[in-house]
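Reading through the structure tokens given below for one structure.
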Amino acid sequence: MSSIMRYEDSVKYVHRQLAVSFLLTRDYKKAIEYFQRFIDAEETSSDYHQKYIKALIMDGKYEEAELWLKKVETRT
């Protein structure tokens, strides 16, 4: 594995951890900001999609949350 790929994987890991941390501390705007950095990647697990949708709902972004619910349903 090249050092560039390891770096990119590390950055994705950090973004995932920050997104979840902000979600747990109820800073939904920050959580959404970090989820958006990796949520579209095909390898993103459904667990992160659910957490992203929760952050959207808690931040009052209901229409966007609904779009993501539909998007996740079509992936499974």
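The values are calculated or read from the model by the stated rules, or taken from the named source; none is laboratory data. Predicted, not measured: the structure shown is a model, and the values here were computed from it. Positions of Cβ are backbone-derived with ideal geometry, glycine not excepted, and every protein chain shown enters the neighbour counts. Ligands, DNA and RNA are excluded from the accessible area calculation, which covers all protein heavy atoms including side chains. Shrake-Rupley method; radii C 1.70, N 1.55, O 1.52, S 1.80 Å.
A few comments on the model shown:
- Selection of the range 44-57 for residues being surrounded by fewer than 16 Cβ atoms within 10 Å (Cβ to Cβ) and either in contact with a Leu (Cβ under 6 Å, 6 or more places away or on another chain) or assigned to a helix (DSSP H, G or I) (or both) yields SER46, ASP47, GLN50, LYS54.
- No other residue among LEU18, LEU67 is open to solvent by 80 Å² or more (accessible area, probe 1.4 Å) and hydrophobic (A, V, I, L, M, F, W, C) apart from LEU67.
- When we screen ALA31, ALA41 for residues that are exposed (fewer than 13 other Cβ atoms within 10 Å of the Cβ), of a type outside the set (Ser, Thr, Tyr) and in contact (Cβ under 8 Å) with a residue 24 or more places away in the chain, the only hit is ALA41.
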